[in-house]
Amino acid sequence: MRNMKRFYNKQRIDTVFVLIIFCIFAVSVLMVLMLGASIYQNMTTISREEQDERTALSYIRTKVRNNDDSGRIHIDEFSGLSALVYDEYLSARHFRTSIFHYDGWIREIFSEVELDFSPADGTLIMPLDHIAFETLDGGLLKITAGTRSLILYPRTAGVGHLSDDDTAQEVSLE
């Protein structure tokens, strides 16, 4: 009888020990999974933000390439905001397209120069935390979105050695 009691007590201790080890293993696996999910979410967010920056700069580069006639592309103000602007004349009327950042969005507005619109009237292009437009020496244009910058060489910049395909160059400021 005594031997049987010892056998069952030993078996209970072994069972409890195995359950404790299993619980420690299960908690460890759960913690690793939670950490991995958190890292994956952070990496996905960073990747999405970088992709948004590249997309915004690509959109602006395309707009410049499609509208880069002498004297049409420049940085100006639109309702107190810095904007990339290009002018065009249609049927002897002066029109202006302004690309600017307002309320967390890149927006674009096409209108006659004489008409007055607010930034909220612009067409929503894409959400982006920040974008800045500035004119550099020699008429070069710099557009910065997050950690990326785009240096544009419009025809008005007087950079004579560039071909038509070389109107824009992207530079990363990481």
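Where a number appears in this text, it was derived from the coordinates with a stated rule and is not lab data. What you are looking at is a predicted structure, and each value in this text was computed from that prediction instead of being measured. FYI the Cβ positions are ideal-geometry reconstructions off the backbone, even for glycines, and counts take in every protein chain you see.
Quick notes on this one:
- Put simply, the range 10-61 fits an ellipsoid with semi-axes of 50, 4, 4 Å; these come from the alpha carbon gyration tensor as the roots of five times its eigenvalues, largest first.
- Ranked by the mean number of other Cβ atoms within 10 Å of their residues, highest first, the peptides 136-149, 112-125 fall in the order 136-149, 112-125.
- The modelled label-to-label distance between ILE21 and GLU88, using points 7 Å beyond Cα along the C-beta direction, is 7.5 nm.
- Charge dipole (debye, nearest 20) of the range 91-145; +1 at Cβ of Lys and Arg, -1 at Cβ of Asp and Glu: 160
- Calculated FRET value between ASP76 and ARG54, using beta carbons and R₀ = 22 Å, to 0.05: 0.30
- Nitroxide proxy distance, nm - points 7 Å out along Cα→Cβ at ASP129 and MET34: 2.6
- Segments 19-28, 44-53, 76-85, 99-108 sorted - mean Cβ within 10 Å per residue, highest first: 99-108, 76-85, 44-53, 19-28
- Lys/Arg +1, Asp/Glu -1 at C-beta; the range 30-112 dipole; positive extreme among THR62, GLY80, LEU33: LEU33
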